[in-house]
């Protein structure tokens, strides 16, 4: 399977119409389930190596319109990971304390430490998405100066520099945009209304946001065009079939971790001598 066509080329103008929202391969759901199971096992092994080497961290960013499948992707792709080395952070409406800091502050605090995997369910990209679609939200941030087009260009630049800083320090950044069609979103909203066990997931506010569909599409295109970089490219994942989206995300993450050539540490002579002494001490116990 060649998922590389799902990459948003750095430095290119991205149009969502050029990217499918549905699975464009001959892969069946059953075949995808088998491959996903294999990738989940590989992720577990790679996570152990990531922790043991303690050189890199992995930050996975999931963005998408409401009902795009972010929660389900986390649940199924990360199901085999050790929770002790994996943290999921969901970002809601910022608190008053958070608004008193720069907009990246609350996200920077949640960056995973070396040897760990961090998952952002939504992220600092909300600052160029929902905040751009609803500019009144920007007033709460008390930022000086007028908010012209140069303001948003500056935010894209700041985000790119932030991610480059992370990668230079060993925090690999992987970004996934779950590309959902308007028709499929409507279907999922209706399913939530029809299923009592899913009522808790439904929000009338999500339906109201559908009125801004075209505005969000433009904001997504601008985000992808300006922030897909060589060090942290965007992956535009067809999300109409949840099983395909989960498989694609898992495949990209496995390939990224494999590219790091993660290894278990090897001991020097002094370390081996210490182990030998520990063995001798344990075997001497009565």
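Coordinate-derived values only; no laboratory data. None of the values given here were measured: they were computed from a predicted structure. Here Cβ is always computed from backbone atoms with ideal geometry, including for glycine, and neighbour counts include all displayed protein chains.
Label residue 278 and residue 95 with points 7 Å out from Cα along Cα→Cβ: what is the distance between them in nm? The answer from the label model is 4.0 nm. Stretching residue 261 away from residue 200 to a fully extended chain increases their span by 17.7 nm, per 0.36 nm per residue minus the current alpha-carbon distance.
Rounded to the nearest 500, the 222 nm mean residue ellipticity of the chain from helices alone is -14500 deg cm²/dmol, with -39,500 (n - 2.57) taken per DSSP H run of at least 4 residues.
Can you divide the C-alpha Rg of the range 200-286 by 2.2 N^0.38 Å and report the result to two decimal places? Provide the component values of the computation, followed by the final result.
On the way: Rg = 25.5 Å, N = 87, 2.2 N^0.38 = 12.0 Å.
Relative to the 2.2 N^0.38 Å estimate, the range 200-286 comes out at 2.13.
Using Cα pairs under 8 angstrom and six or more residues apart, how large is the relative contact order of the chain, in percent?
36
Annotation: the residues 149, 100, 71, 66, sorted from fewest to most other C-beta atoms within 10 Å of their own C-beta, follow the order 149, 100, 71, 66. Ordered by the number of other Cβ atoms lying within 10 Å of each residue's own Cβ, fewest first, 223, 78 fall into the sequence 78, 223. Determine, from the Cβ-Cβ distance of residue 218 and residue 190 and an R0 of 22 Å, the FRET efficiency 1/(1 + (r/R0)^6), rounded to the nearest 0.05. Calculated transfer efficiency: 0.25. By the beta-carbon count within 10 Å of each Cβ, the least crowded to most crowded order of 201, 5, fewest first, is 5, 201.
Look at where the Cα atoms of the range 134-153 and of the range 1-47 average out, and the two centres are 35 Å apart. For the chain, a Gaussian network of Cα nodes joined below 10 Å ranks 167, 93, 60 by mean-square fluctuation, and the top entry is 93. What the Kirkwood sum gives for the range 1-125 is a hydrodynamic radius of 17.0 Å, with every pair of different alpha carbons counted.
Let's test the formula: R0 of 35 Å, r as the Cβ-Cβ distance of residue 210 and residue 105. What FRET efficiency results, to the nearest 0.05? Kindly include the intermediate steps, with their values, before the conclusion.
Numbers: r = 31 Å, r/R0 = 0.89.
Efficiency computed from Cβ-Cβ geometry: 0.65.
GNM remark for the chain: springs join alpha carbons under 10 Å apart, and the peak mean-square fluctuation among 28, 266, 55 falls on 266. The Cα atoms of the chain cover 74, 50, 39 Å along the three principal axes, with the biggest extent listed first.
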